[in-house]
Amino acid sequence: MNATSPEAAPVPAPGRIILLTTSHRVAPGLLSWPAWQALHAADRVLCSDGAHPQLPYLREAGTAVEEASPSAEDLVDACAGGKTVVVVATGEGEPTLADGLARLAGSGRVSMPELELLPASYDLPGARLLDLVQVMDRIRAECPWSSRQTHQGLAKYGIEEAYELVEAIEEGDRDELREELGDVLLQVVFHSRIAEEDPDAPFSIDDVAGGIVTKLIHRHPHVFGDETATTPEEVKEHWLRTKAIEKQRTSVTEGIPLGQPGLALAAKLASRVRTAGLDVPLPPTEGIGYDLLALAVRAEAEGVDPEAALRAAARAYRDAIRGVEQ
């Protein structure tokens, strides 16, 4: 008589652990379809933070969420029999739990369920700007120095930061460039936050952004409209034409800030004259100032930024001074 081998016992299904992550920069309740599918199909949904902003929306959608902080071993046990457990991660992403699951999986002594990281919402480009606005709002409310600042008091910092940005660009230092761009951006957000408190004409950072978006769209009809432009010169023509219609200026000199550095001011005036096709002779008066004016006009006509050229020459002069000092 042949002995028959007993049937092998069925291997229990390992189950599944889904770590669901969300972005606090996206409105609560706006989750991806795969995330909603996972939540509805789960045997259990857990969250260690009872104040998690997603919980009211999950419960409103019919998902029962248990407030619990299970260990890695607890989660593995909860998946016994092929169950699926979804963990709604806190803002930190549950690093302790993730490390515990990784240790269990690496030990080789535990039959691990399937592990899945499921992003339920993503940061869009520019999302960190929301963090900056929130940080600035808190600083304005709680910092003794920042809470007392005015547009007038901050004006000098805007000028300084703009110059430091230019220097970083000319030096070609990428790390410095990123930092200085951040400092310039801070000035925009700071002034916008102060502007919210104006009793007569308040505006916010959203108003600032909305204004420049409208302006950019209007001045790029070749991108957002029916006009065409295939060269930088045609783009500039579109820009100047739409700007002239917007501003309705009576002089090409309107809108030129007279407080800017002298060489830059002279070059800007010369640029407006050349673009408008005007024939304006230079003042016949003699003197160093008028000599510099003539050089600035000549530089602009040749496509050279006189301010940048003078800074480059000044840096060379600085290096020569240091060479003599050694």
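Structure notes:
- Helix 205-218 axis, angle to the chain major axis (alpha carbon atoms, nearest 10°): 70
- Taking only Cα atoms of the stretch 250-315, radius of gyration then Dmax in Å: 12.0, 40
- For the stretch 132-191 versus the stretch 241-278, the gap between their alpha-carbon centres in whole angstrom: 27
- According to the calculation over all Cα-Cα pairs in the stretch 51-103, the P(r) per 10 Å bin from zero is 21, 49, 28, 2 %.
- Computed from the alpha carbon positions, the gyration tensor of the stretch 184-276 leads to an equivalent ellipsoid with semi-axes of 28, 21, 13 Å, biggest first.
- Annotation: amide H of V87 within the under-5 Å range of I18, L19, L20, L46, sequence separation 5 or more or interchain, hydrogens built in the peptide plane.
- Kirkwood Rh, angstrom, the stretch 13-102 [1 / mean 1/r, Cα pairs]: 13.3
- Kirkwood hydrodynamic radius computed over the stretch 62-202 comes to 20.0 Å, based on all pairs of distinct alpha carbons.
- Sorting the Cα pairs of the chain by distance into bins of 10 Å, from 0 upward, gives 4, 15, 18, 18, 15, 12, 9, 5, 2, 1, 0, 0, 0 percent per bin.
- Farthest towards the positive end of the charge dipole of the stretch 155-231, among the residues T231, I205, A195, is the Cα of T231, using unit charges on the Cβ of Lys, Arg, Asp and Glu.
- Over the chain, Cα pairs under 8 Å with separation of 6+ residues give a relative contact order of 14 percent.
- Averaged per residue, the stretch 53-209 has 63 square angstrom of accessible surface, using a 1.4 angstrom probe with ligands and nucleic acids left out.
- When +1 charges are put on Lys and Arg Cβ atoms and -1 charges on Asp and Glu Cβ atoms, the dipole computed for the chain relative to its Cα centre reaches about 420 debye.
- Phi to ³J(HN,Hα) by Karplus 6.51 cos²θ - 1.76 cosθ + 1.60 over the stretch 290-297, Hz, x for Gly, Pro: 6, 5, 5, 4, 4, 5, 5, 5
- Rounded percent of accessible protein surface that carbon and sulfur make up, the chain, 1.4 Å probe: 58
- Proximity of backbone amide H atoms, modeled 1.01 Å from N, is registered between L115 and I17 at under 5 Å, excluding neighbours fewer than 5 places apart on the same chain.
- 5 Å binning of all Cα-Cα separations within the stretch 129-245, expressed as whole percents from 0 upward: 2, 10, 14, 15, 14, 17, 15, 8, 4, 1, 0
The values are calculated or read from the model by the stated rules, or taken from the named source; none is laboratory data. Quantities reported herein were computed from a predicted structural model and do not represent experimental measurements. Please note: Cβ atoms are built from the backbone with ideal geometry, for glycine as well, and neighbour counts cover all protein chains shown. Surface areas here come from the heavy atoms of the whole protein model, side chains and all, with no ligands, DNA or RNA. Shrake-Rupley method; radii C 1.70, N 1.55, O 1.52, S 1.80 Å.
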